[in-house]
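The values are calculated or read from the model by the stated rules, or taken from the named source; none is laboratory data. What you are looking at is a predicted structure, and each value in this text was computed from that prediction instead of being measured. Positions of Cβ are generated from backbone atoms using ideal geometry, with glycine treated the same way; all protein chains shown enter the neighbour counts.
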Amino acid sequence: MNVKHEIRTYIVENILFGDGDGVDENASFQESGILDSTGFLELIGFVEERFDISIADDELSPEHFDSVVKMSTFVEQKLAAKAVA
């Protein structure tokens, strides 16, 4: 499973409606305008459902969710912790 690819694909297909040519995986969602508040909530819902993880309110920070790379790293850490538990 390639978490980064799945997150990027979701954003391109569902948020940007197929226009993903300029999606830089390190670009800030907020600064680039890729996601608005509704898109962000949709993306969180997708990640929780697709990867079968729960994301606590205190984990919803730009540190974890402001780019494809940050988000995929966070999800991979959650999956690793889940596998150990």
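Answer yes or no as to whether residue 78 is basic (Lys, Arg), within 11 Å of the chain's Cα centre (by Cα) and surrounded by 16 or more Cβ atoms within 10 Å (Cβ to Cβ).
Values: basic (Lys, Arg): yes; within 11 Å of the chain's Cα centre (by Cα): no; surrounded by 16 or more Cβ atoms within 10 Å (Cβ to Cβ): yes.
So residue 78 does not fit the description; no.
Determine the pairs where a residue that is surrounded by 15 or more Cβ atoms within 10 Å (Cβ to Cβ), located within the range 1-24, has a partner that is in a loop (DSSP other than H, G, I, E, B) with Cβ atoms under 6 Å apart, the partner being 6 or more residues away or on another chain.
12/20
Against the condition of a type outside the set (A, V, I, L, M, F, W, C) and in a loop (DSSP other than H, G, I, E, B), how does residue 20 come out, does it pass? Give the steps one after another, and end with the answer.
On the way: of a type outside the set (A, V, I, L, M, F, W, C): yes; in a loop (DSSP other than H, G, I, E, B): yes.
Considered against the rule, which asks whether it is of a type outside the set (A, V, I, L, M, F, W, C) and in a loop (DSSP other than H, G, I, E, B), residue 20 comes out as yes.
Based on this model, can you work out whether residue 76 counts as in a helix (DSSP H, G or I), under 13 Å from residue 2 (Cα atoms) and of a type in the set (Asp, Glu)? Explain how you work it out, then say what you get.
Numbers: in a helix (DSSP H, G or I): yes; under 13 Å from residue 2 (Cα atoms): yes; of a type in the set (Asp, Glu): yes.
When the stated conditions are applied, residue 76 passes them.
May I ask you to list the residues in the range 41-70 that are surrounded by 14 or more Cβ atoms within 10 Å (Cβ to Cβ) and touching a Lys or Arg at 6+ places or on another chain (Cβ under 8 Å)?
Within the range 41-70, 51, 53, 55, 64, 68, 69 qualify.
Among the candidates 69, 12, single out the residue that is within 10 Å of the chain's Cα centre (by Cα) and assigned to a helix (DSSP H, G or I). Full working, then the answer.
Numbers: 12 fails: within 10 Å of the chain's Cα centre (by Cα).
Of the residues listed, the single one that is within 10 Å of the chain's Cα centre (by Cα) and assigned to a helix (DSSP H, G or I) is 69.
May I ask you to list the residues in the range 26-57 that are at pLDDT 95 or above, not in a loop (DSSP other than H, G, I, E, B) and not β-branched (Val, Ile, Thr)?
Correct list: 45, 46, 48, 49, 50, 51.
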